[in-house]
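Reviewing the structure listed below.
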Amino acid sequence: MKEYFVKYMLMAFALSSLFFLFLIFIFILFEGLPLFHKAGLKHIILGSKWAPTKGSFGIFPMIISSFLVTFGALIIGGPMGLSCAIYLSEYSGKRMKMFLKPALELLAGIPSVVYGFLGVVYIVPLVRDYFGGPGFSLLSTSLILGVMILPTVISISFDALMSVPKTYREGSLAMGATKWQTIYKVVVPSAKSGILASFILGMGRAIGETMAVIMVAGNALRTPLSILDPLRTLTSNIALELAYASGDHRLGLFSTGVVLLIIIMILNYIANFGIKKGS
Amino acid sequence: MKAKITVKDLEVFFDKNQVLRGINLSINKNMITGIMGPAGSGKSTFISILNKMLEFEDNVTIKGNVYIDGVDIINSDVDQVELRRKVGTVFAVPIPLPRSVFENIAYGPRLKGIKDRDELFTIVKESLEKAFLWDEMKDRLNTSALKLSGGQQQRLCLARTLALKPEIILLDEPCSGLDPISTAKIEDALSDLKKEYTIILVSNNTKQIARITDYSAFFYMGNLIEYGPTEKVFTYPANKKTEDYISGKFG
Ligand SMILES: Nc1ncnc2c1ncn2[C@@H]1O[C@H](COP(=O)(O)OP(=O)(O)O)[C@@H](O)[C@H]1O
Ligand SMILES: [Mg+2]
């Protein structure tokens, strides 16, 4: 009797959380799709002019910007995170692991506004002084996002590396491979789908990040032509304008949300596919 | 008769737990030396002293001397990679790398820097022949090694070890998960290989030790209880413990 109660109770919670997710999805589609109908898919996706109060809803520069900062984050955070995961799983002793893992989780818990703040205070002036431009730029944003995705990349890659059987390592070492040869010829290839998944989930984190990006990206309404140009991402666009938008302007922001949602869903799908294929 | 390996007063501790308690023995060239004993008696630990794999554990203490060709591998500064090419190991569970049959065997030679495809092919072929596996594999060199049967995988691991051109081959319970037919094939291969190599075979199966080894050692709780020509160990064991173990009274 009690068992049943617990079971159905848990099921109700599980289903309701799914239901809320579904509700959010429907809500965004419901609000976002009408404008696609009214202004045209091509006008929105490929249009380069965003002037929603004057009937221009082009978000092409923002789509490009979102992709650019995401890849920028990956270029910086990917190799760094993977190196860190390799160090943690292959080289560090038990005590070091016990210290570094929680430290990493702490890093994941820092609010994004703090990253943004550090970015404005240190990274932006540094980029301005050493490379030129306004400092609020693709480069600064990529640097900040690169650090922000580290916990995701490290912890998922770490799990993937740790799940490579010890016997693979022994087999390789017994055949006269050095430790490093064993790592890059056997351990990393065996964990590659998990590592790939960590990169993609890191990208998902980067593309969805808003607060820190608004603070360091400069939010200019055009396609950046160099890494020192300011830019505006999809998420920033929504967050910056939603407070005062009304009518078609508001709908335009929801359309931005629809595009973002679809991109994130695709990324998650690829990540899950990667994890499944590896196991 | 020439000693290839000489062990003097070997002691091994994991933290404070003593696992080998003063082992002394000499292992001959071109012979199969069997090591038997109940689980936990230190056989695998002994094997991983010889290939220096034990040094990856961070809580071990090793005392004593182990000479291979007169060089003390414990106390002198030997290159681990060089040593593992000279002392090949086949583990209990066959663990091919997730690659093709060919690549599994070519892995060691490639690490040595051999790149020439023909040369690699020759090594792969010879190694498979010596492991009695060539006939089964000659048309399947590009299939994934993970798709082979357990017995084939274990012979693949033997071939992979042979490809390193070692002088000593260590086998730690190589037949524990295999059926009698696969076991027989491994035994045939080993009997053939002793002409060229020094072979150490750890096995829980006393019949197997009696069948194919020339010398045998009996380990019990970290002590070397008995060591001598297999025939003598099995017919006139000097120690009562050995007799009990061989006749299956415990193990
Ligand atoms: N890495 C290790 N850390 C601590 N104790 C170990 C380790 N490896 C083996 N031992 C202990 O050493 C003893 C001998 O183990 P082992 O050499 O594997 O025995 P066998 O191969 O004869 O079954 C066992 O009591 C085992 O628990
Ligand atoms: Mg063992």
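Averaged over every viewing direction, what's the projected area of the C-alpha convex hull for segment A:174-228? Give it in nm², one decimal, please.
Computed as one quarter of the Cα hull surface, the answer is 6.5 nm².
Could you state the number of Å between the C-alpha centres of segment A:222-242 and segment A:62-132?
Answer, in whole Å: 21.
Considering the options A:Y91, A:T167, A:S155, tell which one lies farthest towards the positive end of the dipole of segment A:69-168, charges being +1 on Lys and Arg and -1 on Asp and Glu at the Cβ, about the Cα centre.
Farthest along the dipole direction, towards plus: A:T167.
Restricting to segment B:3-246, compute how many DSSP beta bridges are antiparallel as a %, nearest 5.
Percentage antiparallel, nearest 5: 60.
When a/c reaches 1.5 or more, the comparison of a/b and b/c decides; with that in mind, is the protein assembly as shown rounded, prolate or oblate per its Cα gyration tensor?
Note, shape of the protein assembly as shown comes out prolate.
Among DSSP beta bridges lying fully in the protein assembly as shown, give the percent that are antiparallel, nearest 5.
Restricted to the protein assembly as shown, the bridges split so that about 60 percent are antiparallel.
Pop out the ³J(HN,Hα) list for segment A:14-22 in order, Karplus 6.51 cos²θ - 1.76 cosθ + 1.60 with θ = phi - 60°, rounded to Hz; leave Gly and Pro as x.
Once θ is set to phi - 60°, the couplings for segment A:14-22 become 4, 5, 5, 5, 4, 4, 5, 4, 4 Hz.
Taking amide H atoms as placed 1.01 Å from N in the peptide plane, list the residues 5 or more away in sequence, or in a different chain, whose amide H sits under 5 Å from that of B:S144.
Result for B:S144 returns nothing.
About the Cα centre of segment B:3-246, what is the dipole size in debye to 20, counting +1 per Lys and Arg Cβ and -1 per Asp and Glu Cβ, all else neutral?
Taking the Cα centre of segment B:3-246 as origin, the dipole is about 200 debye.
To the nearest 10 square angstrom, what accessible area does A:S48 show with a 1.4 Å probe?
Roll a 1.4 Å probe over it and A:S48 shows about 80 Å².
Can you give the mean number of other chain Cβ atoms that lie within 10 Å of the Cβ atoms in peptide B:79-86?
3
Say we join alpha carbon atoms closer than 10 Å with springs in a Gaussian network model of chain B; which of B:E57, B:E119, B:E103 then has the biggest fluctuation?
B:E57
What total accessible area, in Å², is buried where chains B and A meet, using a 1.4 Å probe and rounding to the nearest 100?
Heavy-atom accessible area buried at this interface is about 1700 Å².
What accessible area, in Å² to the nearest ten, does a 1.4 Å probe give for A:Y184?
About 110 Å², ignoring ligands and nucleic acids.
Keeping every protein chain present and rolling a 1.4 Å probe, give me the accessible area per residue for segment B:1-78 in Å².
About 44 Å² of surface per residue is accessible.
For segment B:96-112, state which residues have at least 20 Å² less accessible area in the presence of all protein chains than in their chain by itself, taking the probe as 1.4 Å and leaving out ligands, DNA and RNA.
Residues losing area: B:L97, B:P98, B:R99, B:Y107, B:L111.
Pick from B:L50, B:L148, B:L201: which residue has the top mean-square fluctuation in a GNM of chain B where Cα pairs under 10 Å get a spring?
Highest fluctuation among the options: B:L148.
Treating only the Cβ atoms of Lys and Arg (+1) and Asp and Glu (-1) as charged, compute the dipole magnitude of chain A about its Cα centre; round to the nearest 20 debye.
540
Roughly what would the spin-label model give for A:M98 and B:Y236, points 7 Å off Cα along C-beta, in nm?
The answer from the label model is 5.6 nm.
What accessible area per residue comes out for chain A, rounded to a whole number of Å², with a 1.4 Å probe?
Result: 53 Å² of accessible area for each residue.
May I have the count of lysine pairs in segment A:61-278 with C-alpha atoms under 15 Å apart, counting pairs 8 or more residues apart or located on different chains?
Lysine pairs satisfying the spacing and distance rule in segment A:61-278 number 4.
Which of rounded, prolate, oblate describes segment B:1-140, given a ≥ b ≥ c as roots of the alpha-carbon gyration tensor eigenvalues and a/c under 1.5 marking rounded, otherwise prolate only if a/b is larger than b/c?
It comes out prolate by the Cα gyration axes.
For segment A:154-166, take each phi angle, set θ = phi - 60°, evaluate the Karplus expression 6.51 cos²θ - 1.76 cosθ + 1.60, and give the result in whole Hz per residue in order, putting x for glycine and proline.
Karplus values, whole Hz, x for Gly and Pro: 5, 5, 6, 4, 4, 4, 5, 5, 5, 7, 5, x, 4.
If you place +1 on the Cβ of every Lys and Arg, -1 on the Cβ of every Asp and Glu, and leave all else neutral, what size is the dipole of the protein assembly as shown about its Cα centre, to the nearest 20 Debye?
Taking the Cα centre of the protein assembly as shown as origin, the dipole is about 620 debye.
Go ahead and run the numbers for FRET between A:I75 and A:M1, Cβ-Cβ distance against an R0 of 60 Å, rounding to 0.05.
0.55
Within 10 Å of each Cβ of B:87-93, how many other protein chain Cβ atoms are there on average?
3
Provide a whole-number value for the mean count of partner chain Cβ atoms within 10 Å of the Cβ atoms in peptide B:158-169.
Per-residue shielding by partner chains comes out at 1.
Quick check for you: with a 1.4 Å probe and neighbouring chains kept, what is the accessible area per residue of segment B:83-219, in Å²?
Here the per-residue accessible area is 39 Å².
At 1.4 Å probe size, with the rest of the protein present, what percent of the exposed accessible area of chain A is carbon and sulfur atoms?
About 74 percent, which is the carbon plus sulfur part of the accessible surface.
Quick check: at a probe of 1.4 Å, how many percent of the accessible area of segment B:3-246 sits on carbon and sulfur atoms?
Whole-percent figure for carbon plus sulfur exposure: 48.
What is the diffusion coefficient of segment A:61-278 in µm²/s, taking the Kirkwood radius over Cα pairs and the Stokes-Einstein relation at 25 °C with a viscosity of 0.890 mPa s?
Estimated via Stokes-Einstein, D reaches 132 µm²/s.
Whole-Hz Karplus ³J(HN,Hα) for segment A:127-132, in order, using 6.51 cos²θ - 1.76 cosθ + 1.60 and θ = phi - 60°, x for Gly and Pro?
Each residue of segment A:127-132 in turn: 5, 4, 6, 8, 10, x Hz.
Name the residues of segment A:176-190 whose accessible area, probed at 1.4 Å, falls by at least 50 Å² once all protein chains are in place instead of their chain on its own?
Listed by number, the residues meeting the 50 Å² cut-off are A:G176, A:K185.
The values are calculated or read from the model by the stated rules, or taken from the named source; none is laboratory data. None of these values were measured; they are calculated from a predicted model. Counting neighbours? That spans all protein chains shown, and the Cβs are built from the backbone with ideal geometry, glycine included. In case anyone asks, the SASA skips ligands and DNA or RNA and just uses the protein heavy atoms, side chains included. Shrake-Rupley method; radii C 1.70, N 1.55, O 1.52, S 1.80 Å.
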